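*Asks:* Can you read through this structure? Questions will come right after.
The values are calculated or read from the model by the stated rules, or taken from the named source; none is laboratory data. Being a predicted model, the structure only gives us computed values, none of them experimental. Note that each Cβ is placed from the backbone with ideal geometry, even for glycine, and that neighbours are counted across all protein chains shown. Just the protein is used for accessible areas: all its heavy atoms, side chains included, with ligands, DNA and RNA removed. Shrake-Rupley method; radii C 1.70, N 1.55, O 1.52, S 1.80 Å.
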Amino acid sequence: MTAPVNVTVTGAAGQIGYALLFRIASGAMLGPDTPVRLRLLEIPQAVKAAEGTAMELDDCAFPLLAGVDVEDDAARAFDGTNVALLVGARPRGPGMERGDLLEANGGIFGPQGRAINAHAAGDVRVLVVGNPANTNALIAAAHAPDVPAERFTAMTRLDHNRALSQVAHKAGVPVSEVRRLAIWGNHSATQYPDLFHAEVAGAPAGVLTADTAWLSDEFVPTVAKRGAAIIDARGASSAASAANAAIDHVHDWVLGTPEGDWTSAGVVSTGEYGVPEGLVCSFPVTSSDGRWHVVEGLEIDDFSRARIDASVAELEAERDTVRELGLV
Ligand code: NAI
């Protein structure tokens, strides 16, 4: 059997952690031939709860699970880690401004970036799930100068999957018949789900994009505000679907995207589509050889351009705030 892959999950005692860990241990993330060793990082107050989850992981007797460690120390939790899922984050509290939120999260993602830089394996891949995910990834990357920036990513796969389902419902086809969707920009209400290059049942999605009222008044806001709709209905934020998206993101990053299709991920811009270099921005991406590649050469019409620009402007504003706070 191959050597286990070390997977660190922060915020392991939270609701996404609970939906995520068992699927990683079952092989859903890295495939049926790859054993995993889990490291659960939590704050001291939540270590006991994480230990309870570790007991349950034990009780599943997963053949691929090579071990579980619970830590409250980032240096130990990231020691030799190959895949780091940064889920734990500081939620927005009452009266908290955006700057306060970014500052509070800088206090988490800066030190975690440093610990990854100092202790992780040479091939470490990082997925930031904790919000504000794009800018938290930017902060973590800025504190890990020895790790290539392209190894820090932010999760927009949940938005991508939400968009796939909305299109499938509208077109009356299975989700598997919808391809080449893209989420652009920030994982926030300004994100832009782009249908202009999509295919439905092998044909261009032109019939859907021609319905501009549906596109701008229903599709785009439904995808962008889905998180709030889930909170409204469930009384808690998306957890199983977020965990599923994290599994999909890492699975495709490591094992590749299907031929002829692409997905969406927040990756460090190298200037593609006019997005300023260094921002962690969602793009249409493919993966091969364990690396994300931004899909190049897509024509962006005025409808899409305005929305992409608005979301990128928000990312720039977040970056400027964290710069002013000295967090990057
Ligand atoms: P939760 O509140 O249930 O769990 C968060 C956990 O993180 C808690 O157990 C807490 O103790 C832990 N934590 C806090 N600071 C930590 C630190 N410094 N180190 C390690 N652990 C720490 O939250 P939930 O529902 O699991 O969500 C986690 C994050 O994921 C939130 O920021 C949420 O907004 C975000 N999210 C992102 C999505 C995306 O698509 N990118 C989708 C859904 C949620």
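*Asks:* Treat each spin label as a single point 7 Å out from the Cα along the C-beta direction, and report the residue 213 to residue 324 distance in nm.
*Replies:* It works out to 4.2 nm between the two label points.
*Asks:* For the range 273-328, run through the GluC sites (Glu not before Pro) and keep only the ones in DSSP coil with at most 11 other Cβ atoms within 10 Å of their Cβ. The partial results should precede the final answer.
*Replies:* Values: sites: 277, 296, 299, 314, 316, 318, 324; in loops: 277, 296, 299.
Qualifying residues, ordered by number: 277, 296, 299.
*Asks:* With a ≥ b ≥ c taken as the square roots of the eigenvalues of the C-alpha gyration tensor of the range 188-268, please select rounded if a/c is under 1.5 and otherwise prolate if a/b is larger than b/c or oblate if it is not? List each step's numbers first, then the result.
*Replies:* On the way: a/c = 2.16, a/b = 1.04, b/c = 2.07.
Judged from the Cα gyration tensor, the range 188-268 comes out oblate (a/c at least 1.5, b/c at or above a/b).
*Asks:* Between beta-carbons, use under 13 Å as the cut-off and find the net charge around residue 116, counting Lys and Arg +1, Asp and Glu -1. If you can, show how the numbers build up before the last one.
*Replies:* Working: positive: 39, 76, 114, 125, 151; negative: 79, 123, 146.
Charge balance near residue 116 sits at +2.
*Asks:* Using the Cβ atoms and a cut-off under 15 Å, what net charge is assigned to the surroundings of residue 84, where Lys and Arg are +1 and Asp and Glu are -1?
*Replies:* Details: positive: 37, 39, 76, 114, 125, 151; negative: 42, 69, 71, 73, 79, 123, 146, 150.
Local net charge: -2.
*Asks:* Taking the chain on its own, what percent of its Cα-Cα pair distances exceed 35 Å?
*Replies:* Details: 9480 of 53628 pairs.
When every Cα pair of the chain is considered, 18 percent fall beyond 35 Å.
*Asks:* Express the relative contact order of the range 156-319 as a whole percentage, based on alpha carbon pairs under 8 Å and six or more residues apart in sequence. The partial results should precede the final answer.
*Replies:* Details: 268 pairs, mean separation 43.1, N = 164.
RCO, the range 156-319: 26 percent.
*Asks:* Amide H neighbours of residue 279 under 5 Å, at least 5 residues apart or on other chains, H built in the peptide plane: list them.
*Replies:* Amide H neighbours of residue 279: 269.
*Asks:* Quick check on the chain: helices-only [θ] at 222 nm, where DSSP H runs of length 4 and up contribute -39,500 (n - 2.57) each and the sum goes over total residues. Nearest 500, please.
*Replies:* On the way: 11 runs with 133 residues, N = 328.
That calculation yields -12500 deg cm²/dmol at 222 nm.
*Asks:* Skip the ligands, DNA and RNA, and give the accessible area per residue of the chain with a 1.4 Å probe, whole Å².
*Replies:* Numbers: 13830 Å² over 328 residues.
Ligands and nucleic acids excluded, the result is 42 Å² per residue.
*Asks:* Placing unit charges on C-beta atoms (Lys and Arg positive, Asp and Glu negative, everything else neutral), compute the dipole magnitude of the chain about its Cα centre in debye, rounded to 20. It would help to have the intermediate numbers written out before the result.
*Replies:* On the way: 24 positive and 42 negative charges, 98 e Å.
The calculation lands at about 480 debye.
*Asks:* Just the number, please: percent antiparallel of the DSSP beta bridges in the chain, rounded to the nearest 5. It would help to have the intermediate numbers written out before the result.
*Replies:* Values: 19 of 42 bridges.
If we restrict to bridges inside the chain, about 45 percent are antiparallel.
*Asks:* Which far-off residues, 5 or more places away or on another chain, put their amide H under 5 Å from the one on residue 183, with H placed in the peptide plane?
*Replies:* The list, which skips near neighbours in sequence, is 194.
*Asks:* Give me Rg/Rg_expected for the range 5-154, where Rg uses Cα atoms only and Rg_expected = 2.2 N^0.38 Å with N residues.
*Replies:* Working: Rg = 14.8 Å, N = 150, 2.2 N^0.38 = 14.8 Å.
My calculation over the Cα atoms of the range 5-154 gives 1.00.
*Asks:* What percent does the relative contact order of the chain come to when contacts are Cα pairs within less than 8 Å and at least six residues apart? All intermediate terms of the calculation are to be shown ahead of the outcome.
*Replies:* Details: 655 pairs, mean separation 56.2, N = 328.
Relative contact order here is 17 percent.
*Asks:* If I compute solvent accessible area with a 1.4 Å probe over the protein chains, what percent of it on the range 216-274 is carbon and sulfur?
*Replies:* Working: 1300 of 2560 Å².
Carbon with sulfur: 51 percent of the solvent-accessible area.
*Asks:* What shape does the range 156-319 have by the C-alpha gyration tensor, where a ≥ b ≥ c are the square roots of the eigenvalues, rounded means a/c under 1.5, and otherwise prolate means a/b greater than b/c and oblate the rest?
*Replies:* On the way: a/c = 1.12, a/b = 1.10, b/c = 1.02.
Rounded, because the longest to shortest axis ratio a/c is under 1.5.
*Asks:* At a 1.4 Å probe, what is the % contribution of carbon and sulfur to the accessible area of the range 1-158?
*Replies:* Numbers: 3300 of 6400 Å².
About 52 percent, which is the carbon plus sulfur part of the accessible surface.
*Asks:* In a shell of Cβ-Cβ distance under 15 Å around residue 34, excluding residue 34 itself, what net charge do Lys and Arg (+1) and Asp and Glu (-1) give? Kindly include the intermediate steps, with their values, before the conclusion.
*Replies:* Working: positive: 23, 37, 125; negative: 33, 123, 252.
Within the 15 Å Cβ shell, the charges total 0.
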